[in-house]
Amino acid sequence: MDIELFVRKLQEAVGGRPEIDRSRTEQIVGAVFSALSAGLASSEADRLISMLPPPLKKLWYWRAVPKSVLSEVWKEQGIVELSRRQFFTLIQMEGDLASTEEAEATARCVIHLLREAVGSGDIQDAPGPLPSQSREWIPAA
């Protein structure tokens, strides 16, 4: 799936909002990737990355925060694992979304499109790629 098709599908999924252009889509998808990378073990992240089409893989590498950086920040804040609220708040802030509800709805759309982009059930079936708790938060589409 190329990035233009991904943009179109995301626009359709969030109600055809014209303000979600390619740049905005990259920001939103990047926010979801950032939150996912925060909750994945390195091996889970590597598996997800290996399944992504090249344009999305490039976006992942551009947006995902290295686990070593997160570990230091989390240690300072006493965070062991992202909670549901933290997961969607991270997406809300990085995606510049109005609310955590919008962040959750948007994350569901992005995850659905990622599943579609890899062309199989691998995203859902993998030992990752969603943080264990978030599998409950973002059910199969």
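The values are calculated or read from the model by the stated rules, or taken from the named source; none is laboratory data. Source: prediction; values computed, not measured. We place every Cβ from the backbone using ideal geometry, glycine too, and count neighbours over all the protein chains shown.
Worth pointing out:
- Residues (within 13 Å of I3 (Cβ to Cβ), of a type outside the set (D, E, K, R) and under 13 Å from the mean Cα position of the chain (by Cα)) located in the stretch 30-61: G30, L52, L56, L59, W60
- Elements of type helices (runs of 4 or more DSSP H) in the stretch 1-69, at least 1 residues being modelled with pLDDT under 75 and more than 18 Å from M93 (Cβ to Cβ): 3-13, 22-39, 42-51
- A search for C-beta distances below 7 Å between a residue of the stretch 32-46 that is surrounded by fewer than 19 Cβ atoms within 10 Å (Cβ to Cβ) and any residue that is assigned to a helix (DSSP H, G or I), counting only pairs 6+ apart in sequence or on different chains, returns S42/K67.
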